[in-house]
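Before any comments, here is the structure.
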């Protein structure tokens, strides 16, 4: 049952993204000084003041995947006409693909000391002198 004339009704919450929602409402009166949209997660309280000729507000900077409670109050002649509380949960952040870490490691044996210009003294490297590994 309404608390008085102009109590905001038909409150809808439209999810824009994980940290923003649009809140809309209707009232039975044309003239309202302003609307106070009060919303809070479990540990805080925020009030968004909205012009009297508005019927919606976008709330941004919300925490993703968090339950909020909100009320909309029409303020007219210094009296508040408050809606019933609405509870909603913001969207989850999109799941990203698993992080891909790439790691490369190389190991080589130092060449043996070279003596003179004899080609038979050139260093030989073992066939498995370098390794590459990837982890996902």
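Annotations for the structure displayed:
- Three-way shape call for segment 9-89 based on the alpha-carbon gyration tensor, with the a/c threshold at 1.5: prolate
- In plain terms, the residue of 45, 89 with the fewest other Cβ atoms within 10 Å comes first and the most crowded comes last, giving 45, 89.
Every number here is computed from the coordinates shown, using simple stated rules; none is lab data. In this text, all values refer to a predicted model and were calculated from it rather than measured experimentally. Heads up, the Cβs are rebuilt from the backbone with ideal geometry, glycines too, and the neighbour counts pull from every protein chain shown.
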